[in-house]
Amino acid sequence: MVSQEARDLLKQLVSEGVSPWLSAHDPEEFETSVRPPVLGVDFHNALAPPGSTLKLLRRTCDLLRPVFEATDGAVGHVSVPVSPLWADDAHSLRSAARALHGQLARPNVLVRIPATPAGLEALADCLAEGIGVHASMVFSAERYAEVLDAYVDGLERSLASGRSLGEALMVASFPVGVFDAEIESRLDELGVGPDDEVRGAAGLAVARAMYRLREQRLSGGWWRVLRANGAPQPRLLWTRGGTDVGALIGWNTALALSVDTLEEAARRPNLSGDTLLTREGEAKGALLALERLGIPSARVAAVLETAELSRLQHDWDLMTRSSGAAPASPGSGRSSGPGTGQP
C-alpha cells in the first residue's frame with residue numbers, strides 16, 4: 001500500500017504535469033505492486049522489470065486500461081522490453097516488437113527498444129505500423145534529436161498509410177541517475193570539491209537540453225500538421241533518478257519511481273515548480289563547465305550507451321539461462337519479449 005503522504009506527493013507531481021510511472025527492481029517486487037489502488041489510482045503507468053511473465057504483463061495492462069481509456073491514451077501505459085541482444089539488428093528488433101505486441105494484445109502496451117542506430121530504425125517502423133514505443137538508453141540531447149527524427153518519420157509513414165496517429169505514442173527515457181553517477185565519479189577523480197557548482201548539475205542540464213529540444217520541435221509547422229491528425233506529443237521519462245523528485249519538473253514529462261523510493265521521497269517533499277522550462281541557458285553553462293574540466297557530456301553519453309547496453313544484454317542472458325530457455329529467434333515469443341533490465 002501507498003501512504004497518504006506518498007499519495008499526496010503523487011498528486012502534486014500530476015498537478016505539475018509529471019506522470020508517475022511504477023518501477024521495480026524485479027518481477028517479485030513488481031507483482032506485489034501491481035494491484036489497485038497502487039496501480040491505476042496512485043501510479044498511471046508502469047515499467048516492466050526483468051523476467052515479467054506474459055500473464056503479469058497482461059494483468060498490468062488490464063489494471064491500467066480504465067485510466068488509459070478515460071484519458072484517451074494520454075496515460076495508462078505499460079512499457080515492455082524486447083531483447084537487447086538484437087540492439088544492432090533492426091530487422092530482428094522490429095520482428096520481436098511485432099511478436100510481443102501481438103502476444104500481449106493490449107492497446108496500452110509500449111514496446112521498449114534501445115535507442116541504438118538499429119533501434120531507431122526499428123522504432124520508426126513500429127510507429128509506422130501503429131505500435132507504440134518506448135525509446136530507452138537516451139543519454140544525450142543529440143541522441144534525443146535522432147529519436148524525435150525517427151518519431152516523425154514513423155508518424156509520416158503512418159499518416160500516408162491511412163492509420164490513426166493516435167496509436168503511435170512514443171516515450172523516450174533518460175537514466176538521469178546513471179548519468180549523474182558517472183559524472184560525479186569523474187569529478188572525484190579530478191579532485192573537484194564537493195561544494196563546487198558543477199556537482200550534481202550534469203543530469204539536470206542534459207534533461208533541460210532535451211526538454212528545450214522537444215519544445216522547439218513541437219513548435220514547428222509540420223508538427224502542427226501531424227498534431228492536427230491526432231499525433232500524441234512525445235513524452236520524456238526520467239528514470240533511476242533517486243529520491244529528489246523535485247529536481248526534474250516540467251509539463252508533459254514522466255518520472256519512474258518504485259514504491260519504496262516514493263515513500264522515502266514523501267518524507268521530505270521538495271517540489272517548487274517547473275525546473276525545466278526556459279532553463280536552457282543554465283544547462284549550457286553547466287555542460288560547458290564540465291567540458292572545461294575535460295568531461296564533455298557527449299563522450300560520457302557514448303561511454304554510458306555502451307556500458308548500459310552491455311548491462312542489459314548481460315541481464316537478459318542471465319534471465320534466459322535461469323529460466324532454462326534458449327535464446328529464441330525473432331518473433332518466436334520465447335525470449336523476444338519481457339526480460340531486459342530497467343531502461
### Selection from the stretch 32-85 of residues that are farther than 23 Å from C126 by Cβ, touching a Phe, Trp or Tyr at 6+ places or on another chain (Cβ under 9 Å) and polar (S, T, N, Q)
S33
## Note on the structure
Within the stretch 263-277, restricting to residues that are of a type in the set (A, V, I, L, M) and in a helix (DSSP H, G or I), the one that is surrounded by the fewest Cβ atoms within 10 Å (Cβ to Cβ) is A266
### Message
Taking the conditions exactly as written (among the acidic types (D, E), at pLDDT below 95 and out of contact with any Pro (no Cβ under 7 Å at 6 or more places or on another chain)), does D153 satisfy them or not?
### Response
no
### Query
Looking at this structure, is D244 over 25 Å from E142 (Cα atoms), among the acidic types (D, E), surrounded by fewer than 17 Cβ atoms within 10 Å (Cβ to Cβ) and touching a residue at least 24 places away in the same chain (Cβ under 8 Å)?
yes
### Task
Residue by residue through the stretch 154-170, note down the ones that are touching a Leu at 6+ places or on another chain (Cβ under 9 Å) and more than 22 Å from H77 (Cα to Cα).
E156, R157, L159
#### Entry: The listed residue being within 25 Å of T116 (Cα to Cα) and open to solvent by 10 Å² or more (accessible area, probe 1.4 Å), out of R212, R227
R212
### Query
Which of the residues spanning the stretch 177-197 are under 27 Å from T253 (Cα atoms), open to solvent by 10 Å² or more (accessible area, probe 1.4 Å) and either of a type outside the set (D, E, K, R) or more than 25 Å from the chain's Cα centre (by Cα) (or both)?
G177, V178, A181, E197
### Message
I'm trying to understand the selection: among the residues of the stretch 140-172, which are surrounded by fewer than 21 Cβ atoms within 10 Å (Cβ to Cβ), touching a Gly at 6+ places or on another chain (Cβ under 7 Å) and not in a helix (DSSP H, G or I)?
### Response
R163, S164
### Task
Using the structure shown, decide if D260 is in a helix (DSSP H, G or I), within 24 Å of Q4 (Cα to Cα) and free of Cβ contacts under 8 Å to residues at least 24 places away in the same chain.
yes
#### Entry: Subset of the stretch 22-34 [open to solvent by less than 30 Å² (accessible area, probe 1.4 Å), touching a residue at least 40 places away in the same chain (Cβ under 8 Å) and either over 12 Å from V259 (Cβ atoms) or over 18 Å from the mean Cα position of the chain (by Cα) (or both)]
S33
### Message
Taking the condition of being modelled with pLDDT of 95 or more and either touching a Leu at 6+ places or on another chain (Cβ under 6 Å) or open to solvent by 50 Å² or more (accessible area, probe 1.4 Å) (or both), how many residues in the stretch 303-325 meet it?
### Response
4
#### Entry: The listed residue being open to solvent by less than 60 Å² (accessible area, probe 1.4 Å) and closer than 24 Å to A128 by Cα, out of L236, L257
L236
### Task
Restrict the check to the stretch 61-68 and report whether at least one residue is of a type in the set (A, V, I, L, M) and touching a helix residue (DSSP H, G or I) at 6+ places or on another chain (Cβ under 7 Å).
no
### Task
Please work out which residue is farthest from E28 (Cα to Cα), limiting yourself to the stretch 238-278 and to residues that are of a type in the set (K, R) and modelled with pLDDT under 90.
R268
### Query
Of these, V34, V82, V38, which one is farther than 20 Å from V171 by Cβ, touching a helix residue (DSSP H, G or I) at 6+ places or on another chain (Cβ under 8 Å) and among the β-branched types (V, I, T)?
V38
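The values are calculated or read from the model by the stated rules, or taken from the named source; none is laboratory data. Bear in mind the structure is a predicted one, so any value in this text is a computation, not a measurement. For neighbour counting, all protein chains shown are included, and Cβ atoms are generated from backbone atoms with ideal geometry for every residue, glycine included. Side chains included, ligands, DNA and RNA excluded: accessible areas come from the protein's heavy atoms. Shrake-Rupley method; radii C 1.70, N 1.55, O 1.52, S 1.80 Å.
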